[in-house]
Amino acid sequence: MSGFSADWLALREPYDVRARNPAVLDAVIASLKAYRSIRIVDLACGTGSTLRALSPRLAAQQNWRLVDNDLGLLARASATAKPAGVTVTTMPLDLYRDLEAVLDGPVDLIATSALLDLVSEPWLERLAVEIAARSIPLYAALSYDGRIEIGPADPLDTAIVAAVNAHQRTDKGFGPALGPTAVAVAIARFEALGYSVVHGKSDWVIGPHDREFQMEIFGGWASAARDMGDLPLADTVEWLTRRRDAVAAGRSSIRVGHVDFFAAPMGTR
Ligand SMILES: C[S@@+](CC[C@H](N)C(=O)[O-])C[C@H]1O[C@@H](n2cnc3c(N)ncnc32)[C@H](O)[C@@H]1O
């Protein structure tokens, strides 16, 4: 499964739903309570997981503009079941090239999930400046923050996690990625631009019974370690074999650190 495949996004969605920080989600919902109609732009929407997580919690009429550069994912997002009063338009577009185009026209909320750790510092700066110039609030969920706990411990875990975090900093189409530092950089930037920010952890908590998800995660981490090339390939293969054995035996668990935040312009809305 590739990093953005529909299968991978479907596999992770239940963990994302459980992980979303409830205090951050409540802050988003409270900020929109007075609206009779809300225009939301979802950046890098994938198959529409943020639409599914947020739209049932909002009482108002909603128009969602779903943006992604993957046409197959956009088609799935468009076909998602929607609550009454929710309309969706799709916008196939490369956010690296054409970010400004998605912000055209009136927008009440920008939403995104699992995007910010993929982007570079200049692109994040561009996003923050463009959003702040329009005084739009931002709900950014599920940014990976570099924390990984694996049980039971293995002697190679530290080296593999270091390789994973180094891989997170490589270019994902937006220039060298901020990876685990993205969310702290974003929060500091929005605060400096006069936003008030509510943030909280949204970790994946993955138990011994979650075998399929664990197998995919460990396979992805082994591929990242191979791509970085700092570890002997044979060590990575042996690590993956031990990890898979532990998953199959129902002895393995993982916690993956994420952070959600809601940034709202102060005193302007
Ligand atoms: C990790 S997925 C997250 C998808 C969705 N937000 C979710 O939480 O399930 C990252 C998404 O970013 C999209 N993406 C990556 N680079 C992009 C770009 N340059 N322009 C637009 N979308 C992009 C991918 O197609 C993918 O849907």
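The values are calculated or read from the model by the stated rules, or taken from the named source; none is laboratory data. All figures in this text were calculated on a predicted structure; none of them were measured in a lab. With ideal geometry, Cβ positions are generated from the backbone for all residues, glycine too; neighbour counts draw on all protein chains shown. Note: accessible area is taken over every heavy atom of the protein model, side chains too, but ligands, DNA and RNA are not part of it. Shrake-Rupley method; radii C 1.70, N 1.55, O 1.52, S 1.80 Å.
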Do we find that Val237 is β-branched (Val, Ile, Thr), crowded, with 16+ Cβ neighbours inside 10 Å and either touching a His at 6+ places or on another chain (Cβ under 9 Å) or under 19 Å from Leu156 (Cβ atoms) (or both) in this structure? no
Check the stretch 121-128 and report whether any residue there is away from the ligand (no atom under 15 Å from the Cβ), crowded, with 19+ Cβ neighbours inside 10 Å and under 26 Å from Val28 (Cα atoms). yes
Of the listed residues (Ala114, Ala132, Ala101, Ala141), the one being over 21 Å from Leu51 (Cβ atoms) and not hydroxyl-bearing (Ser, Thr, Tyr) is Ala132
Answer yes or no: is there a residue in the stretch 151-162 that is within 14 Å of the ligand (Cβ to nearest atom) and at negative phi. no
Could you count how many residues in the stretch 3-46 are assigned to a loop (DSSP other than H, G, I, E, B), under 13 Å from Leu73 (Cα atoms) and of a type outside the set (A, V, I, L, M)? 5
Ser49: more than 19 Å from the chain's Cα centre (by Cα), hydroxyl-bearing (Ser, Thr, Tyr) and under 24 Å from Val185 (Cβ atoms), yes or no? no
Within the stretch 77-100, track down each residue that is open to solvent by 60 Å² or more (accessible area, probe 1.4 Å), of a type in the set (Ser, Thr, Tyr) and within 16 Å of the ligand (Cβ to nearest atom). Thr89, Thr90, Tyr96
Report whether or not Leu74 is closer than 29 Å to Lys172 by Cβ, in a helix (DSSP H, G or I) and either open to solvent by less than 20 Å² (accessible area, probe 1.4 Å) or not aliphatic (A, V, I, L, M) (or both). yes
Might you let me know whether the stretch 199-215 holds any residue that is open to solvent by 20 Å² or more (accessible area, probe 1.4 Å) and either under 26 Å from Val41 (Cβ atoms) or touching an Asp or Glu at 6+ places or on another chain (Cβ under 9 Å) (or both)? yes
Would you check if Ala132 is more than 16 Å from the ligand (Cβ to nearest atom), assigned to a helix (DSSP H, G or I) and in contact with a Leu (Cβ under 6 Å, 6 or more places away or on another chain)? yes
